[in-house]
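Have a look at the structure below before the remarks.
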Amino acid sequence: MVWSRVRPSFLAAVCGFLVGGVSLARAEPMGDLGGADRLVVRGPSAETAASLRKGLLNDGDLYWLGIPTADREPYLAALRTRVPLALEAAGFPEPRATVTVGPGPDGMEAVLIDIVAGERLTAGAIRVTGIPDDVARRLVAYLQQPQPPGDAVPETITLADGSEKVLWFDAKGEPAKLGRPKWTPGEPAPCGERCASELLGAVAGFFSCEGYLSLAGWKDPWDDGYHEAIREHVDLEVRAEGDQAVLAIDVKRLPARTTLAGIEVNDGLRTTPADLLAYLGLDIGQPVTAADRQAWLGKLRLSGRFIKQACRFEPGGDGCVARFQLVEYKRAAPLDREASPEQGALLRARAWLLGEWHAGREIRVRATNQRENKANGPWRESLELITGREIGSVVKLASSDWSCALACVQGMAGLFTDTSRFEGSFVADWAPGATLKLFVDPQDQRPGLSVGWGMATGGSARCAFQIEPVTCNAEGWTSRRVGDDLVIETTDADGHQELWLDPASGRPRKLVYVAESNRAEILCDSGAGLVAAAVADLRERAGENLADSHRPLSSAARFALANRSLFGDALWLATAKTTGTELDDDAIARWIESLQAAVDGDGFAAIDATVAKGIRQLRDAVATDTPEGLAIPVSTAEEMAGLRAMMASRSAGMTAAIDGVPVARDADDRIPPPLAGPSREPWMGRALGRKCAAAAAPALRMLEQKTGRDAAAVAAARAAVLMACTADHAAAARELARMPAASLWTPELESLCAAFGPQGRNLDRRAREALAYLHGVAGDTAWSVAAYRRLLAETEEQHGPDHREMAKYLHNLVWLLNQSGDVTEAYALARRPRATIAWESGLHPPVPARLKRPPDVAKQGDAKVKGPDAGKADPRKANGSPSDSSPAADFERWSGLQLGTPGARR
């Protein structure tokens, strides 16, 4: 054999195969194998099998490993790893599981999981040795009670009835949820190495709260050697005693209690270490605990002086150094000054609002604004918000000549006007959620209001109401008494503000803002039944409900036409915000006429039938998996790698916000992403992107179960998550390319767009362009070529041959033809001169070497190169004129089509 003739790539593949790094077998896609109906779990009991099956279906990472276009082997390998871990966490100390692919109960190909679980243990006693009895009792209670996250900050809220409630907030200021107890007697006992590591970390957390901060060798949970450092001091074992498991903890030796050796703060602050020592009441040399650190951060947050606060302990001197990372609010008073009476009043008002909210009472905020319009006279507008934690929200908007309202409450959503309403019920087990947050942006130091809404499973509405203490800044405010009320006020260049409060309770009565040409007033109160009363009043005033579940789109159009003056303004505003152009009255009139004609001519009948069918499927679907799903843990190594990635992102972001240094990339080289080959870095980072994608998986799984795994809506939703969370455009394109293009953009949708005139035709063209692009990325060149041919013809007919869109469509069509082998046509089209386009607008940035030329053209080119003038200098270079290799002309040329921008090369 002549080794010099063997291709190097072949040798590399053989070597890779021998070391187990490369498989020469063609990867087999998942297809339908990842569907819920293709997962069969067979075990010793129906309950255990059903719980494991539900847990697997709810696992986000497994979902993305099992999407139709993914490879089978990573999905099956993940099952073989995680199924035993899940059974160990559910109380089975020595489970065995086999994962194969074979015929299911219905004869179709399925994933078969056969488990031999063995005896199941329940959690029994916790036996602690090596430490005093009182400390041992506290350790047992710690393990049997829910605990907040490690970075959570406490805040005590006084409820309306006078009782107190402790709330926890994470590093972003969001409400933090308490974790499940690590050991609950009578419940399944956590077994296995993975659970033992988690229990060992909880024990280390307890001793950190007791003041033994060096127990883990000053390592964080995401550091290498964290558990090994703990095992030098503590032995932990889960022992079987009959049908129960005993948690045995032997403390071999404890390090000395940690004392405070000093305090450090980041640069550029008014706050000094001495200020922190005085404000927090600390002394150098005093004992400190992890619980003390969280209490310090909570006190700094409630001071209203800082936008962000963080602290970590590091070894130093004879104890530890508390290193604070703070973002000061520059408009607030320094920490070494006492809080003003006005700031104290604002903080009491905040405490009253949160106390009412967390006591379960509904909050109502009514805002009015009176403006003097010299052209049309006075103008009055108002907004009323009524919201409850587990009820929902109602928003009322009104002006001098119109009013409308939006209600999103338990089981119902509706839009109300003075003449009609459009109201419908939610799908079973889906409920609305809303968030309202007052905060100060750490970048521009300006107060802001964040409002969010969405849908969640669980059947109960969830609303969050949050006010950061830093928003209660009162620098420049003064106070006075008016009767029984305390009035705090300020005057600046923008106008005069007054806040009227009850001095005893802190209840805010009203906020008044007066400027040169307008006066705004905000009233606030609380009570029970406010949301229900508002919805009943809206229904009575609006009258008939125009919503029709059998004709959803037509009924929505009728509702819009019945309120055309209101929605004409909304259409004008939406167009101005999204496109930067404003529609004139004639354009809006044409849109309304087109919509009226489509409704009168029953032009929405086909879409109505499709949408109504989908709604019925969602409402009629009943979940079959009723038992609680088992938690599907990952291995300790995977968890540690994930923690490293998340903490690297968080610490880098915090450092960038404080010190202005560049943000480091995620330190995530250990755990492979569930999606292979992202085409670029996700905007939110790889670690957070994967977590967001995993969080979206249960909702996508539910959508699959109710509409079908191969439904166009499911494919579009999967592709959207892939593009937004993982930046894997190729995987998103493969998902969409599985669907016939006609199911994603139906003829009914084309006809609907055509009914709206030129604007509608442009929307139709954009949609088909996006589908052609995605099919081209996925390799479906035949459909993409046909789509681009049609787009070229339509655009040339509508806009002429010199339109910029023609160049883009021509670019993509030539590249697709070249890739599919139609070299002659591709070369002929490429020679047509067109406008210059940026390479980002095409499927691929082609370079001349990638363009395959027909054989006869290639021979002509070779003859030119070998001609008698081939070796002569170019006269243009002698004259100083630009050439193809000069910087001025340094852009990719493809015959007559110029690709890229001058001076840039990809």
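Which ³J(HN,Hα) values, rounded to whole Hz and listed in residue order, are derived for region 540-549 from phi using the Karplus coefficients 6.51, -1.76 and 1.60 in 6.51 cos²θ - 1.76 cosθ + 1.60 with θ = phi - 60°, glycine and proline given as x?
5, 6, 7, x, 5, 8, 8, 5, 10, 5
Would you mind getting the accessible area per residue of region 340-545, heavy atoms of the protein chains only, 1.4 Å probe, in Å²?
So region 340-545 comes to 50 Å² accessible per residue, rounded to a whole number.
Restricting attention to region 200-263, which trypsin sites (Lys or Arg not before Pro) occupy a DSSP loop and are surrounded by at most 12 other Cβ atoms within 10 Å?
Passing both the DSSP loop test and the Cβ count: 252, 253.
Taking only protein heavy atoms and a 1.4 Å probe, what accessible area per residue, in Å², does region 31-116 have with all protein chains in place?
39 Å²
With a point put 7 Å past each Cα toward its Cβ, work out how far residue 517 is from residue 699 in nm, to one decimal.
It works out to 4.2 nm between the two label points.
Quick one: with all protein chains in place, what share of the accessible area of region 259-328 is carbon or sulfur, to the nearest percent (1.4 Å probe)?
Answer for region 259-328: carbon and sulfur cover 50 percent of the accessible area.
Let me see the pair-distance distribution of region 259-328: every alpha carbon pair, 10 Å bin width, integer percents in order.
20, 60, 19, 0
I want to verify the translational diffusion coefficient of region 84-233 in µm²/s; compute it with Stokes-Einstein, Rh as the Kirkwood radius over Cα pairs, at 20 °C and 1.002 mPa s.
It diffuses with D of about 115 µm²/s by this estimate.
Which links in 165/299; 308/691; 54/706; 308/330 stretch past 18 Å when you go from one Cα to the other?
From the list (165/299; 308/691; 54/706; 308/330), the Cα-Cα distance tops 18 Å for 308/691.
Once amide H atoms are placed 1.01 Å from N in the peptide plane, what residues at a sequence separation of 5 or more from residue 435, or on another chain, have their amide H within under 5 Å of its amide H?
Amide H to amide H, under 5 Å and 5 or more residues apart or across chains, residue 435 pairs with 452, 453, 464.
Could you do me a favour and compute the accessible area per residue for region 227-312, 1.4 Å probe, result in Å²?
46 Å²
Report the calculated FRET efficiency for residue 267 and residue 77 (r = Cβ-Cβ distance, R0 = 51 Å), to the nearest 0.05.
It comes out at approximately 0.60.
On the accessible surface of region 31-116, probed at 1.4 Å, how many percent belong to carbon and sulfur atoms?
53 percent
D for region 340-545, whole µm²/s, Stokes-Einstein with Kirkwood Rh over alpha-carbon pairs at 4 °C and 1.567 mPa s: what number?
69 µm²/s
Using only the heavy atoms of the protein chains and a 1.4 Å probe, how would 714, 514 rank by accessible area, largest first?
From most accessible down to least: 514, 714.
The values are calculated or read from the model by the stated rules, or taken from the named source; none is laboratory data. Bear in mind that the values here come from a model prediction, so they are computed numbers and not experimental data. As a convention, Cβ positions derive from the backbone with ideal geometry for all residues, glycine included, and neighbour counts pool all protein chains shown. The accessibility values were calculated without ligands, DNA or RNA, using every heavy atom of the protein model including side chains. Shrake-Rupley method; radii C 1.70, N 1.55, O 1.52, S 1.80 Å.
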